[in-house]
Structures are given as structure tokens and as C-alpha cells.
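The values are calculated or read from the model by the stated rules, or taken from the named source; none is laboratory data. Small disclaimer: the values here were computed from a predicted structure and weren't measured. We place every Cβ from the backbone using ideal geometry, glycine too, and count neighbours over all the protein chains shown. To get the accessible areas, we keep the full protein, side chains included, count just its heavy atoms, and leave off ligands, DNA and RNA. Shrake-Rupley method; radii C 1.70, N 1.55, O 1.52, S 1.80 Å.
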Amino acid sequence: MCGRYYVDDETAREIEKVLRHVDERLRQQSMISVKKIAANDIHPTEQAPVLAGKGSSVYCGWQRWGFRGFHGKQVIFNARCESAMEKSLFRDSIRHNRIVLPATYFYEWNRQKEKHTFYRQDTPILFMAGCCRQYEDGERFVILTTRANASMRPVHERMPLILEQNEIVPWILNDERAKEILHKTPCLLERTSEYEQLSLF
């Protein structure tokens, strides 16, 4: 699962690169959203920058993290890749409203409640697959999770569906490619933890 992640200036710079070749009007609108990004942890129910589709192009906007639960009290912030298409809460969002969540890194906790940070060494930020739906107070999103790969498994059995940069546009705009991407195995990630850092001393 994924219940908290981090964005900062690096996230903003990488979003700008993704948007470099999109429609000029959308790019200018997106830059307003990008400039709002400040170094901060993102928690469920908070607003976060997202990459979404409009027509045949991609833009950056802000949405709230978490679908409303069935009884209006809980917040659902993850959806399983394996079953999302079968569940009424997520089905239409996966089909028609796919988005990408840029992040510098995300956190996960193991059974001992030790906090671990996951990131990529080969690129400054991560791109996590998600989907969104419209509520009366605006658009809300969930992050899609899949079975943990070898780098994540020692900490947790689930992980976000991590996209490569060349999968961002197909995930958002191409329905057929999105079906394939939904079942991919994410790349291996690097990991640090507060516990391991303290143990060095």
C-alpha cells in the first residue's frame, strides 16, 4: 500500500520536463499548479499535484487524495491493480480517468512499525499510477497498488504501481496500453530507514 509520500522542488522540475511538449495553453495553466508545489509530505485527504489528461494532451492540476468510503466516514486511498476493474467504486475511473502522481519518494512501515523510504536511484522522482473521480467538492484520486517486487517485499507485500517516464502519457491517454501497464511489475527501488541509519551509530 502507499499511505504517505513526499514532493519538493525536484518533483516540480521533473513535472516541467514532462510537460515541455504539450499544448501551450495547457502548459501555461499547468505551470500555475507546478509553482504551488512546496517541499512537504502528502497525506490522505490532502491536496496533491497530479498529471491528468485533457483531450489528447496532459496537464498538471491539483486533486484531493482519497475516495469517500461507502458510509461517508472512511477514506479509501489505494486501489488494487488486480481487482480495481471488478469494483464499482474504481471501474469507471480506471477506464476513463487515469492519472499519475509524481513524488520524490514514498514511505512504508514494516510489522515492527519501522519507517522506510523508497526512491529511485536512476531518476530524481517516481511516477505512481492512479485514477480519479469527480465529487461535489472536486476531483479525488487513489493510488494503484500491486504485489511487491523483490526490493519492497522485505518491508510490505504491496507497493505503488510505478511507471516509467515513457509510460506516463500512454497510461493517461491510451486505453489499450493502460490495460497492459496495469499488470506490469514495477522497477526495483532503493530503500533507507531511520532504524538502519540509527543502527550505524
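Summary table below
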{"read-out": "Highest-fluctuation residue, 143, 76, 94 considered, GNM on the chain with Cα pairs under 10 Å", "value": "76"}
{"read-out": "The range 59-90 and the range 97-164: distance between their alpha carbon centers, rounded to Å", "value": "14 Å"}
{"read-out": "Total lysine pairs under 30 Å (Cα atoms) in the chain, excluding pairs fewer than 8 apart on one chain", "value": "20"}
{"read-out": "The chain, dipole about Cα centre (Lys/Arg Cβ +1, Asp/Glu Cβ -1), debye to the nearest 20", "value": "500 debye"}
{"read-out": "Potential extension, residue 107-residue 137 segment - 0.36 nm per residue separation minus Cα distance", "value": "8.0 nm"}
{"read-out": "Cut-off 16 Å, label 7 Å out along Cα→Cβ of residue 86, residues of the range 118-149 by amide N", "value": "145-147"}
{"read-out": "Accessible carbon and sulfur surface of the range 1-57 relative to its total accessible area, %, 1.4 Å", "value": "46 percent"}
{"read-out": "Å² per residue, accessible surface of the range 1-150 at 1.4 Å", "value": "50 Å²"}
{"read-out": "Which of 71, 116 is most accessible, then next, and so on - probe 1.4 Å", "value": "71, 116"}
{"read-out": "Prolate/oblate/rounded label for the range 26-104 (Cα gyration tensor, a/c 1.5)", "value": "oblate"}
{"read-out": "Cα gyration tensor shape for the range 3-47, rounded if a/c is under 1.5, else prolate or oblate", "value": "prolate"}
{"read-out": "Size of charge dipole - the range 120-201 - debye, nearest 20, with Cβ of Lys, Arg +1 and Asp, Glu -1, no other charges", "value": "260 debye"}
{"read-out": "Within the chain, percent of DSSP bridges classed antiparallel, to nearest 5", "value": "90 percent"}
{"read-out": "Shape category assigned to the range 1-152 from the gyration tensor of Cα positions, a/c cut at 1.5", "value": "oblate"}
{"read-out": "Principal-axis tilt of helix 24-34 within the chain, Cα atoms, nearest 10 degrees", "value": "40 degrees"}
{"read-out": "With DNA, RNA and ligands ignored, accessible area of residue 90 (1.4 Å probe; Å², nearest 10)", "value": "20 Å²"}
{"read-out": "Candidates 126, 173, 144, ranked by Gaussian network fluctuation over the chain, Cα under 10 Å, top entry", "value": "173"}
